[in-house]
1. Give me the net charge for the shell around V61: Cβ to Cβ below 13 angstrom, other residues only, Lys and Arg +1, Asp and Glu -1.
2. Once Lys and Arg get +1 and Asp and Glu get -1 on their Cβ, which of L47, A6, S33 lies farthest toward the positive end of the dipole of the stretch 4-64?
3. Where a ≥ b ≥ c are the square roots of the eigenvalues of the C-alpha gyration tensor, would you call the stretch 22-63 rounded, which needs a/c under 1.5, or, failing that, prolate if a/b is larger than b/c, or oblate?
4. Work through the residues other than F24 whose Cβ is under 11 Å from its Cβ and net out their charges, Lys, Arg +1 and Asp, Glu -1.
5. Can you give me the relative contact order of the stretch 1-64 as a percent, contacts being Cα pairs under 8 Å and 6 or more apart?
6. Along Cα→Cβ, 7 Å out, is where each label goes; now give me the distance between the ones at E14 and N40 in nm to one decimal.
7. For N44, what is the net charge nearby, where nearby means another residue's Cβ is under 13 Å from its Cβ and Lys, Arg count +1, Asp, Glu -1?
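No value in this document is a laboratory result; all are computed from the given coordinates. Computed from a prediction, not measured in an experiment: that's the story for all the values here. As a convention, Cβ positions derive from the backbone with ideal geometry for all residues, glycine included, and neighbour counts pool all protein chains shown.
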Amino acid sequence: MVHLRARLAVFIREARGDVPQRVFARKMGVAQSTIMRIENEDQNVTLDTLEQLCKAFHVDVGELFPVTRGMRVYPPSARVSAMPASTMIHDSAAQNGKSGKSGK
């Protein structure tokens, strides 16, 4: 399982450095309690907040979630192809001999 909250919290703590939470929060235009909850992994982050973080740190959104040691990386052949979920469900049901209809 990928723990995005933990990865984001680590990034913010490290990138913020010695800058107090309240000063950093003011720069971002959010409450200090928002930064505290993100760093404590207690808050879901909105897309608006992610955009503000990217602007504050001058980074791309992917850089907010650094890869940590022990993270499992799957080869391209093991990844799910880019097809609609409805197609994947239908194909999976067909392979398992299920019609996808209940009661039959």
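1. -2
2. S33
3. Values: a/c = 1.91, a/b = 1.23, b/c = 1.55.
Judged from the Cα gyration tensor, the stretch 22-63 comes out oblate (a/c at least 1.5, b/c at or above a/b).
4. Net charge in that neighbourhood comes out at +3.
5. For the stretch 1-64, the relative contact order is 35 percent.
6. The two pseudo-label positions are separated by 2.3 nm.
7. Overall, the nearby charge balance is -1.
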